[in-house]
Amino acid sequence: MKKLVVLSGAGISAESGIKTFRDSDGLWEGHNVMDVATPEGWRKNQELVLDFYNQRRRQLHEVQPNLGHKILAELENDFDVHIITQNVDNLHEQAGSSKVLHLHGELFKVRSIKDKNYILDWKTDLKTGDLDKNGHQLRPHIVWFGEDVPALDEALAITQQADYFVIVGTSMQVYPAASLVEFTPPNCPIYYIDPNPATIRNLSNQVEIIAMNATEGVPFLKEKLLGRI
């Protein structure tokens, strides 16, 4: 099977009702991202950060994957599909995708503030006083601004093996995620699904723009890819 690598971003989740901070001048659900998505914000106001992610986690129990997610999962019937997502929701998994790598963490997981490898599944609210086995506070398992991206090396390795590379629902403004496309193999076809696609310099001859949202563009892409098999 050909390897189909997908880099997904906030746009595909937005169609399921999950808001993104880039839609509103740096505010995410009414909060400055520096207050709720940085280590400094955590140190300044732990309760605010916990409450913010508790609300996001609750929302995940109420949203459903959309057609874009579902078609990407269906493509596993014909391709070896690897999804590298910038999203912290689990909508790809809910839709049935079996190989999903989260670059920026996951809302349904938490980790120790002292041991980055101490990670737990967590579906309910996280509170001050929820501790790891050594008595250290648990925090959201989210990669905040200014933190390393632990999954980056794995994402690079997957990208370098791609037969097809698909970008869906991302502004290509968040690094290092946006740089992955530069590590695709030579002559690897690249498809960019977004109603307002960014310019991808140096690779423009390999990139086919599909100027649609995910629920329209992913089904369109499926037909195009199946026509190439």
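Going by the structure shown, is residue 148 more than 24 Å from residue 15 (Cβ to Cβ) and over 16 Å from the mean Cα position of the chain (by Cα)?
On the way: more than 24 Å from residue 15 (Cβ to Cβ): yes; over 16 Å from the mean Cα position of the chain (by Cα): no.
When the stated conditions are applied, residue 148 does not pass them.
Please find, among 103, 131, 120, the residue that is open to solvent by less than 20 Å² (accessible area, probe 1.4 Å) and of a type in the set (A, V, I, L, M, F, W, C). Quick ask: steps written out before the conclusion?
Working: 131 fails: open to solvent by less than 20 Å² (accessible area, probe 1.4 Å); 120 fails: open to solvent by less than 20 Å² (accessible area, probe 1.4 Å).
Among 103, 131, 120, only 103 is open to solvent by less than 20 Å² (accessible area, probe 1.4 Å) and of a type in the set (A, V, I, L, M, F, W, C).
Taking residue 132, is it within 30 Å of residue 226 (Cβ to Cβ) and out of contact with any helix residue (DSSP H, G or I) (no Cβ under 8 Å at 6 or more places or on another chain)?
The answer is no for residue 132.
Please pick out the residue among 110, 166 that is β-branched (Val, Ile, Thr), outside any loop (DSSP other than H, G, I, E, B) and either at pLDDT below 95 or more than 15 Å from the chain's Cα centre (by Cα) (or both). Even if it seems obvious, please write down each step before you answer.
Details: 166 fails: either at pLDDT below 95 or more than 15 Å from the chain's Cα centre (by Cα) (or both).
Testing whether each residue is β-branched (Val, Ile, Thr), outside any loop (DSSP other than H, G, I, E, B) and either at pLDDT below 95 or more than 15 Å from the chain's Cα centre (by Cα) (or both) leaves just 110.
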Residues satisfying the stated conditions in the range 59-72, i.e. open to solvent by 30 Å² or more (accessible area, probe 1.4 Å) and farther than 12 Å from residue 18 by Cα: 67, 70
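Please state which one of 158, 167, 113 is open to solvent by 40 Å² or more (accessible area, probe 1.4 Å) and of a type in the set (A, V, I, L, M).
On the way: 158 fails: open to solvent by 40 Å² or more (accessible area, probe 1.4 Å); 167 fails: open to solvent by 40 Å² or more (accessible area, probe 1.4 Å).
Sole residue among the options that is open to solvent by 40 Å² or more (accessible area, probe 1.4 Å) and of a type in the set (A, V, I, L, M): 113.
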Unique match (being of a type in the set (S, T, N, Q) and touching a His at 6+ places or on another chain (Cβ under 7 Å)) among 85, 38: 85
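Within the range 73-100, can you find the residues that are in a strand (DSSP E or B) and surrounded by fewer than 16 Cβ atoms within 10 Å (Cβ to Cβ)?
Going residue by residue through the range 73-100, those that are in a strand (DSSP E or B) are 80-85, 100.
If the condition is that a residue be in a strand (DSSP E or B) and surrounded by fewer than 16 Cβ atoms within 10 Å (Cβ to Cβ), then 80 is the only one that fits.
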Residue count, the range 172-181 (criterion: surrounded by 12 or more Cβ atoms within 10 Å (Cβ to Cβ), of a type outside the set (S, T, N, Q) and farther than 23 Å from residue 69 by Cβ): 1
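So which residues in the range 186-219 are assigned to a loop (DSSP other than H, G, I, E, B) and surrounded by 12 or more Cβ atoms within 10 Å (Cβ to Cβ), if there are any at all?
To start, the set of residues in the range 186-219 that are assigned to a loop (DSSP other than H, G, I, E, B) comprises 186-189, 194-206, 211-213.
Within the range 186-219, 188, 189, 194, 195, 197, 198, 200, 203, 206, 211, 212, 213 qualify.
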The range 4-17 residues that are farther than 14 Å from residue 171 by Cα, paired with ones that are part of a loop (DSSP other than H, G, I, E, B) and among the acidic types (Asp, Glu) (beta carbon under 9 Å, 6 or more apart): 4/78; 4/163; 5/163; 16/89; 17/62
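The values are calculated or read from the model by the stated rules, or taken from the named source; none is laboratory data. Remember, it's a predicted structure, so these values are computed and weren't measured experimentally. Cβ coordinates were reconstructed from backbone atoms using ideal geometry, including for glycine residues, and neighbour counts include every protein chain displayed. SASA here: full protein model, heavy atoms, side chains in, ligands and nucleic acids out. Shrake-Rupley method; radii C 1.70, N 1.55, O 1.52, S 1.80 Å.
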